[in-house]
1. Report, by residue number, each residue of segment 20-36 that is assigned to a loop (DSSP other than H, G, I, E, B) and either hydroxyl-bearing (S, T, Y) or not assigned by TED's automatic domain parsing to the domain that holds K8 (or both).
2. When the residues of segment 94-133 are narrowed to those that are more than 20 Å from D80 (Cβ to Cβ) and of a type in the set (D, E, K, R), which ends up surrounded by the fewest Cβ atoms within 10 Å (Cβ to Cβ)?
3. Take N140 and tell me if it is in a helix (DSSP H, G or I), more than 21 Å from T64 (Cα to Cα) and out of contact with any helix residue (DSSP H, G or I) (no Cβ under 7 Å at 6 or more places or on another chain).
4. Every residue in segment 77-103 that is touching a helix residue (DSSP H, G or I) at 6+ places or on another chain (Cβ under 7 Å) and farther than 17 Å from E151 by Cα, please.
5. Within the bounds of segment 74-83, is there any residue that is more than 19 Å from the chain's Cα centre (by Cα), closer than 23 Å to A143 by Cα, among the polar types (S, T, N, Q) and assigned to a helix (DSSP H, G or I)?
6. Within segment 1-46, track down each residue that is acidic (D, E) and within 28 Å of the chain's Cα centre (by Cα).
7. I need the full set of residues from segment 37-85 which are farther than 30 Å from C11 by Cα and of a type in the set (S, T, Y), in order please.
8. Would segment 37-49 turn up any residue that is assigned to a loop (DSSP other than H, G, I, E, B), without any contact (Cβ under 8 Å) to a residue 40 or more places away in the chain, exposed (fewer than 11 other Cβ atoms within 10 Å of the Cβ) and not hydrophobic (A, V, I, L, M, F, W, C)?
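The values are calculated or read from the model by the stated rules, or taken from the named source; none is laboratory data. Just so it is clear, the model here is predicted, and its values are computed rather than measured. Note that we place each Cβ from the backbone using ideal geometry, even for glycine, and neighbour counts take in every protein chain shown.
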Amino acid sequence: MGKQIRVKHECGSCGGTGLYCGMGEGEGAAVVCSSCNGQGWKESVFTEFTGRKEKTGVRRVFQTNPGIGIGEGKGFKLSDFGGMPIADWIAGKPFTPGMENRAYTCPRWWAQSAGESKPEFKECNDGFGCRFSDCKHFSNKTACWSKWDMERAGK
């Protein structure tokens, strides 16, 4: 285990003032900052990083989870949800097209979850308040994945 490092730092909630002005405090009003108890500072204790540790029990790593339960059991295999074996992730291999959760998401859903640029398919109907799974093309998302793969390969 690495050594412990104590740092006294400015409170991020109040900006070092000890006073908090939020949505409920009108003009000229403030409350004592609950994050630092009005001190304007906090102390954090960090453990020096000496190397990545092993995470026991993990066999597969996923780039992100788009809000779907992923795991083994009830007829599911980990590979059903995309990802890569943990040995590949430890070796530093990148996530590449095909490792997304293609069985249960569409490209726009996945890209939004993974923080990537969403494909701009005019046929998508994912406006405000819509669920990706409500898109009329969701049942044929394999075609959308093919289209996105072709677009990404062309870049």
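1. Applying the first criterion (assigned to a loop (DSSP other than H, G, I, E, B)) to segment 20-36 yields 21-30, 33-36.
Passing the criteria: S34, S35.
2. In this case the residue turns out to be K122.
3. yes
4. Filtering segment 77-103 down to residues touching a helix residue (DSSP H, G or I) at 6+ places or on another chain (Cβ under 7 Å) leaves 97, 100-103.
If the condition is that a residue be touching a helix residue (DSSP H, G or I) at 6+ places or on another chain (Cβ under 7 Å) and farther than 17 Å from E151 by Cα, then N101, A103 are the ones that fit.
5. Yes, segment 74-83 contains a residue that is more than 19 Å from the chain's Cα centre (by Cα), closer than 23 Å to A143 by Cα, among the polar types (S, T, N, Q) and assigned to a helix (DSSP H, G or I).
6. Listed by number, the residues that qualify are E10, E43.
7. T56, T64, S79
8. no
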